[in-house]
Amino acid sequence: MDHGVSHTGRLSQQTLHKLFRFLRETAALHDRVSFARLMVSLLPTLLPADLTAYHELTPTKFRTIWTGASACGVGASAVHVLEQYPDHQPCAARHSEAEDERLLDFVDFLSWRQFSTLKIYQDFYRLMGIRYQVMLGLPASQGQLVGIVVSRSLRPFSAHDRFLLRMLSPHFIQAYLNAEAVSRLRREQARAGE
C-alpha cells in the first residue's frame with residue numbers, strides 16, 4: 001500500500017500535491033472556529049482517520065469540532081461523556097505532564113491493556129471503535145489544552161504518519177496563532193462598535 005513515501009524515503013508526488021494544497025488553505029486568515037473546522041476537514045486528506053477532532057479543554061469547559069463523527073456514531077451523548085472526563089483523556093493527561101511534546105501518540109506511554117481498562121475507554125472509545133490516537137498540541141494558556149486529535153480503529157500510526165504530523169506542526173501552530181489574533185481583533189472590533 002502506498003503511504004505517500006517512495007522506497008527512497010521521499011514524499012510521493014501525490015502526497016506533495018496534497019501537502020501543498022493543505023498548506024495553501026491553512027495559510028489564509030481564519031478565526032478560531034473556522035481554523036478548527038478547516039483543520040478537521042483537511043487533515044484526513046493527508047492522514048487517513050476514522051475520526052478527526054479539534055479539542056479545547058479548560059477547567060470549566062470542553063469544546064470540540066469533529067469530522068468523521070457520523071461514521072463513528074459521535075453525537076451529543078458522546079461529547080457529554082468526554083465532558084465528564086476532560087482530565088482522563090490519555091493524550092491530554094500526558095500533554096500536561098510533558099508540555100514540550102507537541103505530538104503525542106498514546107501507544108507511546110500507555111499499553112493496550114492499560115488503555116482498555118480506563119473508564120473513558122469503556123464509556124467512549126470502545127463504543128466508537130477507537131484503538132489508536134495521536135494528538136498535536138497547540139499553544140494554549142496555562143490550565144488550557146488545545147489540540148488536534150486524529151483517531152483510528154484498525155491501523156496504528158506509522159513512522160511516516162508521525163513524520164507528516166511533525167513536519168506540519170509548525171504550520172498548524174502558526175495558523176492557530178493567526179486564528180487567535182483574528183478572533184481577538186474581531187472581538188475588539190465588536191466591543192469598539194458597541
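Taking R0 as 45 Å, what's the FRET efficiency between F109 and R187 from their Cβ-Cβ distance, rounded to 0.05? Given R0 = 45 Å and the Cβ-Cβ separation, E is 0.75. If you wrap the range 100-194 in the convex hull of its Cα atoms and look at it from every side, the mean projected area works out to 8.4 nm². Taken over the range 125-170, the alpha-carbon convex hull comes to 76 cubic angstrom per residue.
Rule-based calculations on the coordinates, nothing more; no lab input. Computed from a predicted structure; not experimentally measured. Cβ: placed from backbone, ideal geometry, glycine included. Neighbour counts: every protein chain shown.
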